[in-house]
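Visitor: Would you mind keeping the following structure in view while I ask a few things?
The values are calculated or read from the model by the stated rules, or taken from the named source; none is laboratory data. Model, not experiment: these values are computed from the prediction. When we count neighbours, we look across all protein chains shown, and the Cβ atoms used for this are built from the backbone with ideal geometry, even at glycine. SASA here: full protein model, heavy atoms, side chains in, ligands and nucleic acids out. Shrake-Rupley method; radii C 1.70, N 1.55, O 1.52, S 1.80 Å.
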Amino acid sequence: MTTKTPKRRGRKPINIDYAQVEHLASLNLGIMSICKALDIGWDTFDKHRKKKNSELSEALERGKAKGLQRATSKLM
């Protein structure tokens, strides 16, 4: 007689690669394009972005700053 282990309930946790978010934001992609590239929904992205001290929002801001810096240096 074999005993089956019960399956976990609920949704699987979604792991977001913050380095990838930063890179995509530095390319001046919009949030929807970043979501599509990461294969996650906008609601999930927004939920993680709104958390206090969110690493996701910090990565997004760092990426946007890098993209702006790159564009400015190319114009000079």
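Visitor: Which of the residues belonging to the range 35-65 are open to solvent by 100 Å² or more (accessible area, probe 1.4 Å), basic (Lys, Arg) and over 13 Å from residue 20 (Cα atoms)?
Guide: Narrowing the range 35-65 to residues open to solvent by 100 Å² or more (accessible area, probe 1.4 Å): 36, 39, 42-43, 47, 50-53, 55, 61-62.
Now drop any that are not basic (Lys, Arg), which leaves 36, 47, 50-52, 62.
Result: 47, 50, 51, 52.
Visitor: Would you confirm whether or not the range 18-33 contains a residue that is over 11 Å from the mean Cα position of the chain (by Cα), at pLDDT 90 or above and of a type in the set (Asp, Glu)?
Guide: The initial filter retains those residues of the range 18-33 that are over 11 Å from the mean Cα position of the chain (by Cα), namely 26-30.
Those left that are additionally at pLDDT 90 or above: 26-30.
Those still in the list that are of a type in the set (Asp, Glu) too: none.
For the range 18-33, residues over 11 Å from the mean Cα position of the chain (by Cα), at pLDDT 90 or above and of a type in the set (Asp, Glu): absent.
Visitor: Which pairs do you get when a residue that is within 24 Å of residue 55 (Cα to Cα), found in the range 1-27, comes within reach of a residue that is surrounded by fewer than 17 Cβ atoms within 10 Å (Cβ to Cβ) and small (Gly, Ala, Ser), reach meaning Cβ atoms under 6 angstrom, with the pair 6+ apart or on two chains?
Guide: 24/37
Visitor: Looking for something part of a helix (DSSP H, G or I) and exposed (fewer than 13 other Cβ atoms within 10 Å of the Cβ) - is there at least one such residue anywhere in the range 18-31?
Guide: Here is the first cut: in the range 18-31, the residues part of a helix (DSSP H, G or I) are 18-26, 31.
So of that shortlist, the ones also exposed (fewer than 13 other Cβ atoms within 10 Å of the Cβ) come out as 19.
So far as the range 18-31 goes, yes, one or more of its residues are part of a helix (DSSP H, G or I) and exposed (fewer than 13 other Cβ atoms within 10 Å of the Cβ).
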